[in-house]
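Just below is one structure, and these are the notes that go with it.
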């Protein structure tokens, strides 16, 4: 499990959300609860994309901060491994 730092900023008409130490992981929601849920999903998407491209994940930096944030809190990325198997049907031989 990797622990990054999430920040939330209350704006009209919603909540801006960003993972400060994982560049590009940004979203927004109507409420803090929705922004948290969407940010968690965005973090997973960004991590999966980086790994599929053979790129390393950014190192968590607990010292990251944003002076304009209304809320800062940890956000956890749980990595799991899976195998992808595809079955290709054989053509009929006559």
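Here, each number is a calculation from the coordinates, and none is a lab measurement. The shown structure was predicted, so the numbers you read here are calculated from the model rather than taken from an experiment. Because the Cβ atoms are built from the backbone with ideal geometry, glycine has one as well, and the counts that use them run over all protein chains shown.
Among all residue pairs at least 6 apart or on different chains, which show Cβ distances below 8 Å where the first residue, located in region 50-75, is free of Cβ contacts under 8 Å to residues at least 12 places away in the same chain and the second is exposed (fewer than 14 other Cβ atoms within 10 Å of the Cβ) and assigned to a loop (DSSP other than H, G, I, E, B)?
50/56
For region 22-33, give me each residue that is surrounded by 14 or more Cβ atoms within 10 Å (Cβ to Cβ) and either within 14 Å of residue 11 (Cα to Cα) or touching a residue at least 24 places away in the same chain (Cβ under 8 Å) (or both).
Listed by number, the residues that qualify are 22, 27, 28, 29, 32.
Quick check on my filter: what residues within region 42-65 are within 13 Å of residue 77 (Cβ to Cβ), surrounded by 13 or more Cβ atoms within 10 Å (Cβ to Cβ) and touching a strand residue (DSSP E or B) at 6+ places or on another chain (Cβ under 9 Å)?
42, 43, 44, 46, 47, 57, 58, 60
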